[in-house]
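The values are calculated or read from the model by the stated rules, or taken from the named source; none is laboratory data. Computed from a predicted structure; not experimentally measured. Neighbour counts run over all protein chains shown; Cβ positions are idealised from the backbone, glycine included.
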Amino acid sequence: MQIDLDQVGETKEYTSTVCIVGAGIAGLLLARNLAARGVDVNLIEGGGQTLETRSQEIYSAKMEGNHHDGTTRGRFRVFGGSSTRWGGQLLSYTADVFSPPNTVPSLKWPIANYDLEPYYSEVHKIMHVGNDSPELELFDQLEMKKWDCSDVKIRFSKWAPFSKRNLANTVGRECLRSTRIACFLHANATSIEPSKATGRIERVVVKNYRGMSFRFKAQQFVICTGTIESSRLLLASTSISERGIGNSTDNVGRYFHDHISVSAATIQGEAKRQFVRLFSPRLVGGILFTPKLEASAELRSRDRLLAVMAHFAIEEPPGTGVAALREVLQSIQRHEKSGQVIKAISTLPGNLKEIVRLLWFAHVRKRRAISNGAAITLRLDCEQKPMATSRIRISAERDILGMPKAIVDWRISKEEQRTVQSYARIIGSFLNKVGIGPLTWSPELWKTDDSWLKLASDTYHAMGGTRMGTDPKSSVVDCNLQVHGVPNLFVASCSVFPGGGSSNPTFTMMALTLRLGTHLANECIRGVSFPVREQLAS
């Protein structure tokens with residue numbers, strides 16, 4: 001069921017068992033999960049079915065500290081959220097991310113990797129990639145037995161098919177068909193209001209783009225608005241305390257972090273040919289796999305490193321068949337207008353010969369074809385040291401809804417520089433050993449000043465701000481993602497991550513969300529539900 005609040009003529013109050021704020025990846029997964037367990041859900045989304053300029057402008061923010069590109073370019077206020085743009089990479093966090101060696105500056109999580117394993121498997125099914133792990137087959141292809149890899153752990157990312165990456169087209173459609181889920185579009189949450197007497201959340205105040213206010217009541221509330229918006233919403237909800245909700249110890253917005261990605265070296269000549277032979281992306285069972293060269297737990301412990309990995313970025317020049325086909329698939333994924341899709345498709349005939357080669361590689365050689373003109377870059381991706389000074393705050397400036405805008409004060413420490421430089425030496429030696437070398441290293445990488453930052457960028461993997469922990473003095477949510485001191489408010493977002501690991505965080509966030517669904521469904525069984533369908537018909 002879908003309701004566009006911009007089309008509702010009068011102010012109303014809506015009631016459900018669970019109210020979910022945000023219909024991105026987490027919100028859609030959670031709504032589907034709860035509905036399947038018999039729980040009625042109101043799912044509210046600030047954007048529409050397609051990306052709108054007015055919705056995106058709400059994400060404008062002031063930058064302090066280092067510029068964080070993902071604040072504006074990596075967030076999408078639309079039904080389906082960031083899944084309308086993401087690459088669909090699935091790689092779980094390893095045990096040493098959840099429980100790092102004592103010698104490293106990373107933070108321990110209040111849960112372990114085995115707590116998420118069944119939910120990782122469930123995400124695989126939802127994304128249509130299966131649970132099978134062909135690593136032994138891939139290791140044989142890479143001739144791994146020849147090499148000493150004690151410092152480097154090679155794992156393989158799975159990539160969801162293009163047709164399954166945009167959850168609006170899969171899970172979203174299930175939500176719209178469900179009689180237990182009401183999806184509200186153009187429904188912008190502006191404030192969360194708790195009871196003065198009990199501290200429980202009573203309602204979420206929502207505005208449409210016409211300035212009309214609506215109230216959503218529920219037994220349980222879940223914020224699924226992404227990292228920056230989760231902190232902003234909590235900080236802006238000042239009906240009881242000027243500090244906001246869940247912020248009695250001044251932790252909301254703090255410990256903001258991302259992955260630092262460094263363009264370390266280029267791979268050319270004979271090294272490039274050896275790379276294509278060993279490390280070019282593989283297809284197994286129709287699923288694309290790419291290698292990730294992670295620092296082992298033993299290396300991290302010995303050299304006191306943050307979680308860090310090396311991977312290979314393959315950039316095809318514009319106009320090639322690979323680039324043209326990718327543009328078509330991405331246009332479809334983004335739900336772009338038919339004219340834009342047709343424009344992308346119009347480039348295919350001129351690249352027919354190369355597209356045939358691409359298909360031949362995929363079906364016969366079980367690899368992704370790489371053109372001779374492709375640029376291959378060795379990139380090093382590193383998590384960040386937790387810093388309270390790296391934070392999200394709110395400003396006096398207001399957006400069109402009347403909410404205070406976000407201030408993103410992103411900090412980068414010397415630990416990230418030390419980790420990247422140390423691992424660059426390790427990975428350079430390893431690649432030379434397997435015949436991928438010599439590499440053309442970026443000279444700024446080795447300097448001791450801030451020159452290395454010219455090579456670095458965020459990865460649109462915003463995390464932190466409502467981090468998970470057992471101590472309310474240093475965290476915002478507990479291991480069940482419940483906001484400390486607020487029994488019916490939860491956060492399902494990468495904002496709860498105490499550390500970043502070195503993998504894409506979306507897969508782990510999806511698993512955490514499904515785990516929360518199990519917990520919430522059990523909580524709702526103990527309560528009394530409000531039938532959404534009857535309420536909406538009244």
Inset, instruction - Scan the range 372-399 for residues that are more than 22 Å from Ser261 (Cβ to Cβ) and either in contact with a Leu (Cβ under 9 Å, 6 or more places away or on another chain) or at pLDDT 95 or above (or both) and report the count. - result: 8
Inset, instruction - Report, by residue number, each residue of the range 379-398 that is assigned to a strand (DSSP E or B) and in contact with a His (Cβ under 8 Å, 6 or more places away or on another chain). - result: Arg379, Asp381, Cys382
Inset, instruction - Test Asn488 against the stated conditions and say whether it is farther than 29 Å from Leu90 by Cα and surrounded by 20 or more Cβ atoms within 10 Å (Cβ to Cβ). - result: yes
Inset, instruction - Could you please find all residues in the range 56-77 being buried (at least 18 other Cβ atoms within 10 Å of the Cβ) and touching a residue at least 40 places away in the same chain (Cβ under 8 Å)? - result: Ile58, Tyr59, Ala61, Asn66, His68, Gly70, Thr71, Gly74, Arg75, Phe76
Inset, instruction - State whether the residues of the range 424-444 include one that is of a type in the set (Ser, Thr, Tyr), modelled with pLDDT of 95 or more, surrounded by 17 or more Cβ atoms within 10 Å (Cβ to Cβ) and over 27 Å from the mean Cα position of the chain (by Cα). - result: yes
Inset, instruction - Answer with yes or no whether Ile223 is in contact with a helix residue (DSSP H, G or I) (Cβ under 6 Å, 6 or more places away or on another chain), buried (at least 24 other Cβ atoms within 10 Å of the Cβ), farther than 30 Å from Ala456 by Cα and among the hydrophobic types (A, V, I, L, M, F, W, C). - result: yes
Legend entry - Some residue of the range 106-118 being buried (at least 20 other Cβ atoms within 10 Å of the Cβ), in contact with a helix residue (DSSP H, G or I) (Cβ under 8 Å, 6 or more places away or on another chain), modelled with pLDDT of 95 or more and part of a helix (DSSP H, G or I): yes
Inset, instruction - Mind checking which strands (runs of 3 or more DSSP E) fall wholly inside the range 231-311 and carry at least 1 residues that are buried (at least 23 other Cβ atoms within 10 Å of the Cβ)? - result: 260-267, 287-295
Legend entry - From the options Glu193, Glu174, residue that is more than 20 Å from Ala61 (Cα to Cα), outside any loop (DSSP other than H, G, I, E, B) and in contact with a helix residue (DSSP H, G or I) (Cβ under 9 Å, 6 or more places away or on another chain): Glu174
Inset, instruction - Filter the range 457-485 down to residues that are closer than 18 Å to Ile412 by Cα and surrounded by fewer than 21 Cβ atoms within 10 Å (Cβ to Cβ), then give me how many there are. - result: 3
Legend entry - Selection count where residues are modelled with pLDDT under 95 and either of a type in the set (Phe, Trp, Tyr) or outside the structural domain of Leu453 (by TED's automatic domain parsing) (or both), scope the range 225-276: 1
Legend entry - Of all residues making up the range 1-60, the number that are small (Gly, Ala, Ser), assigned to a loop (DSSP other than H, G, I, E, B) and under 14 Å from Leu520 (Cβ atoms): 1
